[in-house]
Amino acid sequence: MRTAGRLVSPEILRQVRRIELGTRRLVESLFSGEYRSVFRGQGIEFAETRAYEQGDDYRAIDWNVSARMGYPYVKTFVEERELTVLLVVDRSGSLEFGHPVAKSKLGVEVAAVLALAAARHNDRVGAVIFSEAIDHVVPPAKGRRHALRVIRDLLAFEPNAKGTNLAAALAYSAKLLRHRSIVAIISDFRAANWEQQLKRLSSKHEVVAISIEDPREVSLPDCGWMELEDAETGRVVLVDASNPAFRLEAQMAAEQARLRRARALAQAKVDHVALRTDRPYAQDLHRVFAERARRLRR
């Protein structure tokens, strides 16, 4: 078996099987009974315009038709029988950092959960893997075998570059999807100038941002002199991590970056799941999706 021009080893196939078995209970419990509620917002399509009736939601009024007809008309929608889930997965150099598990490995497992959940509900699932460019694409399709192929490709993928171009990945995803879909972005969002592309994408699709970070990126340990290497540029700096002023400055810079990311996600009106490499992800994933389901049911 091959993926992205590379031979897929038996070890990769064993990892696919381990992930499928290891996440089965989470897939069943995470979305059981609420999968459609979580993603209801994008699973509808326009049906027709009809005259307003008492009790209709005023937000559904079609003002253009109402102006022409001289009477309020509302748009009606029907639920699509199947959805499309696109996983936009960051595999740049900064994702190889993390303990006790690398951010990239955690991202693959989260993507696997979403892929298997989509397959379980007979929805299409695909993936866009990126670093400095669009490195590998799995077009959306249905079925468990296809979901396992997505996981296999994520596990077997080896990036050729270490940089990050999140903006290009978001722009490509918008062009790839022809109908309103679910887009799950799995990244540490350590990139530049992606905010406008995210707004464009979220205006047409239902977007969930899943950020992954390691606690040492936020708070440096007090361990004396140390070399820090930028995983994407290779730049190395020598710092004194025993200096409280330096650690405070680094922590403040990390907090400012976190706030900028949170502000950009909020302005784009996307849901945000914040995961860390030092704790289980299931509870955080479930909490955010449960809150989303409750909000959409109101």
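The values are calculated or read from the model by the stated rules, or taken from the named source; none is laboratory data. Please read all numbers here as calculations on a predicted model, not as lab measurements. In this analysis, Cβ positions are derived from the backbone assuming ideal geometry, glycine residues included, and neighbour counts consider all displayed protein chains.
Brief remarks on what is shown
- The set of residues in the stretch 85-122 that are buried (at least 24 other Cβ atoms within 10 Å of the Cβ) and among the acidic types (Asp, Glu) contains only ASP90.
Residue by residue, here is whether (1) touching a Ser or Thr at 6+ places or on another chain (Cβ under 8 Å); (2) in the same structural domain as ARG200 (by TED's automatic domain parsing); (3) of a type in the set (A, V, I, L, M) holds:
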| site | (1), (2), (3) |
| --- | --- |
| ALA257 | no, yes, yes |
| ARG261 | yes, yes, no |
| LYS269 | yes, yes, no |
| HIS272 | yes, yes, no |
| LEU275 | yes, yes, yes |
| ARG279 | no, yes, no |
| LEU285 | no, yes, yes |
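- Within the option set ALA245, ALA241, being in contact with a Pro (Cβ under 8 Å, 6 or more places away or on another chain) and in the same structural domain as PHE130 (by TED's automatic domain parsing) holds for one residue only, ALA241.
- Any pair with Cβ under 9 angstrom, 6 or more apart, that starts in the stretch 261-284 at a residue that is without any contact (Cβ under 8 Å) to a residue 60 or more places away in the chain and ends at one that is basic (Lys, Arg): ASP284/ARG276
- You will find that of ALA245, ALA268, the residue that is at pLDDT 90 or above, over 26 Å from LYS105 (Cβ atoms), of a type in the set (Gly, Ala, Ser) and surrounded by 18 or more Cβ atoms within 10 Å (Cβ to Cβ) is ALA268 and no other.
- Residues being of a type in the set (D, E, K, R) and touching a Lys or Arg at 6+ places or on another chain (Cβ under 9 Å) - total across the stretch 169-189: 2
- Meets criteria (of a type in the set (Lys, Arg), crowded, with 16+ Cβ neighbours inside 10 Å and under 19 Å from the mean Cα position of the chain (by Cα)) for ARG263: no
- Filtered residue count, the stretch 33-62, keeping only those that are at pLDDT 85 or above, in a strand (DSSP E or B) and either closer than 28 Å to ARG178 by Cα or in the same structural domain as ALA290 (by TED's automatic domain parsing) (or both): 3
- Residues of the stretch 194-213 that are modelled with pLDDT under 95 and over 15 Å from the mean Cα position of the chain (by Cα): SER203, LYS204.
- Selected residue (only one of SER173, SER181 is at pLDDT 95 or above, surrounded by 19 or more Cβ atoms within 10 Å (Cβ to Cβ) and of a type in the set (S, T, N, Q)): SER173
- Filtered residue count, the stretch 195-238, keeping only those that are in a strand (DSSP E or B), surrounded by fewer than 17 Cβ atoms within 10 Å (Cβ to Cβ) and either in contact (Cβ under 8 Å) with a residue 60 or more places away in the chain or of a type in the set (A, V, I, L, M, F, W, C) (or both): 6
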